[in-house]
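Below: one structure, written as structure tokens.
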Amino acid sequence: MEMIEKANAEALRRLLAGDPVLVDVVPAGEAIEGLGKHHILHAGPPISWERMCGPLRGAITGIAVFEGWANDLQDGAAKAHAGAFRFEPNHDYGAVGPMTGMTTESQPVLVVENRAFGNRAYCTINEGLGKVMRFGGNDAEVLARLAWLRDTLGPALGRAIREIGPIPLKPIIARGLAMGDEMHQRNVACSSLLLRILAPSLARTSEDCEALARCLDFIGKNDQFFLNVAMTVGKALTDPARGIEGASLVTAMCRNGTDFGIRVCGAGDTWFTAPVEMPVGLYFPGFTANDANPDMGDSAIVETVGLGAFAMAAAPSVVGFIGAGPASEAARFTRSMGEITAGNNPEWTIPMLDGLGVPTGIDIRLVVETGIVPNINTGIAHRQPGMGQVGAGVVKAPMACFTQALEGFAAKLGVDY
Amino acid sequence: MAAEHKTTDGKMPASLLGQPLRVINVGLERFAEVLAAHGTTVQHVQWAPPAGGDARLADLLSKLGS
Amino acid sequence: MIRNEIRKGFYLDSVALMRAARAIAALPGIEDAGMMIGTPANKEILREAGLLDEAGAQAGPGDLVIALRARNPAAAAAAMLEARRLLDRPRRVEAGDASWQPRTLRAAVQQMPDANFALVSVPGDFAAAEARKGLRRGLNVMIFSDNVPLAEEVALKREARDRGLIVMGPDCGTAVIGGAPLAFANSLPRGDVGIVGASGTGIQEVSCLIANGGRGISHAIGTGGRDLSAEVGGISTLAAIDLLDKDAATQEVVLISKPPAPEVTRQVLARAGRSSKPFTVCLVGGKPESALPANVRFAGTLAEAAEVVLGRKLGTYQGALPKPTGGQLIRGLFCGGTLCSEAQLILQRSGLDVVSNAPIHGTERLGAQRDAHILIDLGDDRFTRGRPHPMIEPATRDVPLGEALVDTAVGVVMLDVILGWGIHPDPAGQLARALGGRSAAAPVIVASVIGTEADPQVRSSQVRKLTDAGIIVAPSNANATEIALQCVR
């Protein structure tokens with residue numbers, strides 16, 4: 001239908017025209033309008049306490065204690081059960097969060113502005129590897145780290161970024177693609193590039209050598225530091241495309257450990273949900289698929305803008321996580337995602353594919369027609385809260401989300417079937 | 001036939017006889033093998049029925065014109 | 001029991017290590033395995049997994065720890081050997097995405113943006129949608145598929161006309177463009193005769209007769225069997241005439257079809273008349289209704305069309321005929337629809353009553369009749385729905401053939417043996433085997449072989465297989481029909 005083609009062209013244009021810059025780090029309560037006390041934003045589509053998985057509950061009880069809304073974890077759980085907290089998706093507040101994705105008022109958030117459209121997006125700072133709240137960790141060590149982020153690293157980053165001025169993020173990602181990053185499972189190049197940009201400013205705006213050293217060390221040791229930046233970029237790029245009537249492109253994909261949800265331009269703010277699938281991947285020694293938590297996190301926003309599994313050809317070693325073939329299989333993943341997308345991003349190109357731009361703009365019609373669902377590169381959490389990451393792999397978006405979305409989209413257009 | 005007619009994306013219609021064929025083969029793979037053996041440029045498409053054979057969804061898709 | 005081995009100064013990507021570890025863990029007698037660089041954090045992971053021993057604990061951050069837990073020493077030793085082998089094997093350089101095949105026409109065009117032609121052979125229910133995608137991307141389209149609704153054909157051809165493109169088909173079994181073989185096509189010498197055909201096997205017979213007679217083909221454009229119906233109005237035929245008219249390599253044109261709707265015939269003849277090139281119009285089973293333009297000659301059979309182009313009579317079978325068996329009926333089993341039509345016409349001209357499932361004017365439609373000359377088109381839509389075409393799978397002819405062989409009323413069985421690209425590699429051999437056990441009282445078998453020496457099956461070799469099996473081989477379908485007539489007279 002020509003009207004849909006025109007609408008999709010506009011949606012793709014907006015996705016590609018974005019100009020995301022890192023402008024600040026501030027407490028979430030200052031940045032995000034409407035985020036106040038007892039308000040806990042989480043990853044994925046809306047979900048009630050009763051339906052939440054172990055790690056998500058673990059994170060919620062932990063953050064409740066952290067914010068001073070509960071005396072301890074048990075109290076947190078009781079209060080959650082009693083409805084004392086307001087649970088909402090990050091996505092509804094211009095935010096995204098990896099894995100459990102906890103966003104609450106006192107946590108520092110990255111602020112990315114899309115200068116082409118004026119919208120802003122937010123995400124917390126990546127806690128690092130090991131036992132973290134992102135995987136449902138909630139003990140004293142986890143909360144102490146969150147406190148350090150709140151009191152030291154967050155403010156330090158904010159001062160440094162404000163001193164440098166807005167940092168363009170598209171070029172960093174472009175360089176990362178040429179260095180083996182795909183911005184979901186592999187972020188080490190971009191993390192390093194960003195640290196190079198920030199380090200002098202961190203030094204200039206710091207009064208405490210030891211605190212500065214800890215900040216540099218923390219960022220330097222975290223290969224996944226840039227993940228949260230990339231996710232914020234994804235959110236900043238997709239929000240301007242929301243609500244374009246008649247456009248069948250996906251503006252969000254996210255999971256909460258129970259449900260997978262997608263949003264589509266031309267189907268309003270409706271979340272089309274289906275049970276999450278289990279990732280297929282490789283496990284660290286001592287762990288198996290039996291230990292794995294179902295799929296979680298807003299990080300699928302990077303696939304939504306053509307990175308992650310969509311850019312797998314830029315990161316051939318990552319495909320080894322499937323365990324199914326040699327690294328040369330990586331290009332097949334990118335080409336396969338090209339079957340379900342509206343176009344390619346000329347600014348984010350893949351050397352191995354002769355400069356082909358990453359496939360961008362998932363069209364729900366093509367997904368249903370071809371039977372090819374978006375692939376998502378993901379970390380795998382232990383199903384018990386607080387145990388941390390147990391592996392990494394690829395997960396498929398559930399087809400049911402797309403068939404439901406197609407029906408919802410058709411209904412909104414008044415198309416009978 | 002006027003050669004001024006344009007297709008989508010502003011592409012000009014391909015001339016049938018004036019140039020070597022560059023074929024996209026959708027369906028029986030043997031036809032692609034024949035063309036390749038002959039030296040004609042051909043790309044085979046691993047076609048499958050739309051929507052995995054679900055007639056209702058396929059009908060909806062055709063109305064939404066993908 | 002735990003076994004650890006340390007490789008000093010060894011680095012491999014953590015993912016590659018995890019894959020290798022998984023392979024080791026799957027070996028018999030192995031409970032778990034890990035391969036990690038010896039950083040403190042990694043050693044802690046191995047320790048918590050119950051995989052680290054004293055030796056492994058000594059590893060430094062630049063070393064690789066190979067760790068496994070086995071049920072017995074033998075399993076541990078074997079697994080460690082395999083682990084070393086995995087780490088030491090040379091890295092292969094693969095061709096990257098050479099093996100990727102697109103799943104949609106859309107992705108294929110992305111991959112090959114200068115594509116100019118789409119050949120569609122998906123099931124009929126889906127063919128029109130695929131063809132439309134090709135047209136919208138500026139490609140000329142050939143639809144091999146049959147069982148495509150007529151309304152779809154009309155819509156597609158109108159759209160093609162608006163876009164300056166041509167749709168060849170549906171039900172277009174044969175085309176040869178610039179020598180390139182499309183679907184079922186013969187290896188033909190290049191020359192100056194252009195062909196437009198509503199019938200694939202009609203194109204094949206005429207082009208092979210012309211080729212075997214010493215001339216060559218510029219292009220053979222198929223239009224599909226319904227193009228010249230009143231509903232479609234000859235859109236593709238007229239487009240093909242335009243193309244061949246402008247084509248410098250083409251000096252004369254042959255048009256092949258069953259008789260079109262009258263208004264369409266007039267339009268086509270008028271268009272042919274406006275050309276400066278000579279036309280031979282072969283309407284099998286029909287006669288032109290009005291005066292022909294000066295540059296247009298008429299042929300009533302495929303053989304006559306070839307004779308007009310070659311300027312001489314075609315050869316005929318010169319051998320002896322076998323003794324008649326007493327059966328009075330002709331049974332024809334054809335893979336080619338137009339060959340079946342041609343045979344019907346020749347029998348009608350000789351005064352016979354003919355019955356067929358694909359009747360031309362003057363032939364009775366096949367119902368329950370058995371006591372008649374019956375000519376069957378095995379490629380008819382009703383036979384091919386959900387089943388392979390007899391040209392791809394000749395065994396589909398075996399059952400009706402077997403019935404004819406034991407029917408004492410049948411005096412002669414007529415068959416077409418069609419060669420070419422995309423077709424069964426040895427139709428004559430398959431037929432000879434099917435006829436191998438026939439009794440001495442079986443009907444006479446007459447066949448024509450449609451093909452050239454350059455075809456993959458090699459015409460002369462196919463003819464030999466048939467004659468060795470006691471089959472009479474005529475040089476054309478028309479001549480085979482004449483021989484069949486003689487067998488029952």
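Details
- Put in line by how crowded their Cβ is, counting other Cβ atoms within 10 Å and starting with the fewest, C:421, A:49 read A:49, C:421.
- Relative contact order for chain A: 20 percent, from Cα pairs under 8 Å spaced at least 6 residues apart, divided by residue count.
- Neighbour-count ranking [beta-carbon atoms within 10 angstrom, fewest first] of C:143, C:330, C:6, C:374: C:6, C:374, C:330, C:143
- Spacing of the two label points (7 Å from each Cα toward its C-beta) at residue A:400 and residue C:192, in nm: 7.0 nm
- The alpha carbon gyration tensor of the stretch A:183-296 gives principal lengths a ≥ b ≥ c with a/c of 1.5 or higher and a/b no greater than b/c, which makes the shape oblate.
- Chain C: antiparallel DSSP beta bridges as a percent of all, rounded to 5: 30 percent
- Just so you know, the Cα atoms of chain C work out to an Rg and Dmax of 32.4, 104 Å.
- Evaluated at q = 0.11 Å⁻¹: base-10 log I(q)/I(0), Debye formula over Cα of the stretch C:209-368: -0.51
- Of all DSSP bridge pairs formed entirely within the stretch A:23-146, close to 70 percent run antiparallel.
- Whole-number percent relative contact order across the stretch C:339-385, with pairs defined as alpha carbons under 8 Å at least 6 apart: 34 percent
- Max mean-square fluctuation residue, GNM over chain A, Cα-Cα springs under 10 Å, options A:128, A:261, A:83: A:83
- When chain A is described by a simple charge dipole with +1 on each Lys and Arg Cβ and -1 on each Asp and Glu Cβ, the residue from A:46, A:377, A:275 located farthest towards its positive end is A:377.
- Max mean-square fluctuation residue, GNM over chain A, Cα-Cα springs under 10 Å, options A:33, A:303, A:163: A:33
- Relative contact order for the stretch A:146-228: 35 percent, from Cα pairs under 8 Å spaced at least 6 residues apart, divided by residue count.
- Descending Cα extents along the principal axes, chain A, whole Å: 59, 48, 45
- Along its three principal directions, the equivalent ellipsoid of the stretch A:265-417 from the Cα gyration tensor extends over semi-axes of 27, 22, 12 Å, largest first.
- Calculated FRET efficiency for the pair residue C:31/residue C:82, C-beta based, R₀ 22 Å, to 0.05: 0.90
- Considering only C:124, C:428, C:344, the residue lying farthest towards the positive end of the dipole of chain C is C:428, judged by Cα position with unit charges set on Cβ.
- Taken over the protein assembly as shown, the alpha-carbon convex hull comes to 198 cubic angstrom per residue.
- Summarising the label geometry, the points placed 7 Å from Cα in the beta-carbon direction at residue C:399 and residue C:158 lie 4.0 nm from one another.
- Inter-part distance where the stretch C:345-384 and the stretch A:20-43 are each reduced to a Cα centre, Å: 81 Å
- Estimated D of the stretch C:368-419 in µm² per second, where Rh is the Kirkwood radius over Cα pairs and Stokes-Einstein applies at 37 °C, 0.692 mPa s: 266 µm²/s
- FRET efficiency for residue C:74 and residue A:210, using Cβ-Cβ distance with R0 set to 41 Å, rounded to 0.05: 0.15
- Among the listed pairs A:131/C:43; C:323/C:465; C:133/C:258; C:246/C:313; C:246/C:287; A:37/A:221, those whose Cα-Cα separation exceeds 25 Å are C:133/C:258; C:246/C:313; C:246/C:287; A:37/A:221.
- Across the stretch A:301-308, coupling constants 3J(HN,Hα) worked out from phi with the 6.51/-1.76/1.60 Karplus curve, θ = phi - 60°, read 5, 6, 5, 4, 10, x, 9, x Hz, and Gly and Pro carry x.
- Directionally averaged shadow of the stretch A:274-342, computed from the convex hull of its alpha-carbon atoms, nm²: 5.7 nm²
- DSSP finds beta bridges in the protein assembly as shown, and of those with both partners inside it, around 50 percent are antiparallel.
- Descending semi-axes in Å of the stretch C:392-469, equivalent ellipsoid built from Cα gyration tensor: 23, 12, 10
- When A:413, A:237 are arranged by Cβ crowding within 10 Å, least crowded first, meaning fewest neighbours, the order is A:413, A:237.
- Label point distance in nm, residue B:12-residue A:196, each placed 7 Å from Cα along Cα→Cβ: 4.6 nm
- When the stretch A:202-297 is described by a simple charge dipole with +1 on each Lys and Arg Cβ and -1 on each Asp and Glu Cβ, the residue from A:258, A:294, A:231 located farthest towards its positive end is A:231.
- Sites residue B:63 and residue A:13, calculated FRET efficiency, Cβ-Cβ separation with R0 22 Å, nearest 0.05: 0.30
- Stretched out straight at 0.36 nm per residue, the stretch from residue C:467 to residue C:382 would grow longer than its current Cα-Cα span by 27.4 nm.
- Computed packing ranks the peptides A:153-160, C:62-69 as C:62-69, A:153-160, most packed first, by mean other Cβ atoms within 10 Å.
- Taking N as its residue count, the alpha carbon Rg of the stretch A:361-405 over 2.2 N^0.38 Å: 1.50
- Adding -39500 (n - 2.57) for every DSSP H run of four residues or longer, then dividing by how many residues the protein assembly as shown holds, sets the calculated 222 nm ellipticity at -10500 deg cm²/dmol.
Throughout, read-outs are computed from the coordinates displayed, never taken from laboratory work. Predicted, not measured: the structure shown is a model, and the values here were computed from it. Neighbour counts are summed over all protein chains in view; Cβ atoms, including those assigned to glycine, are modelled from backbone coordinates with ideal geometry.
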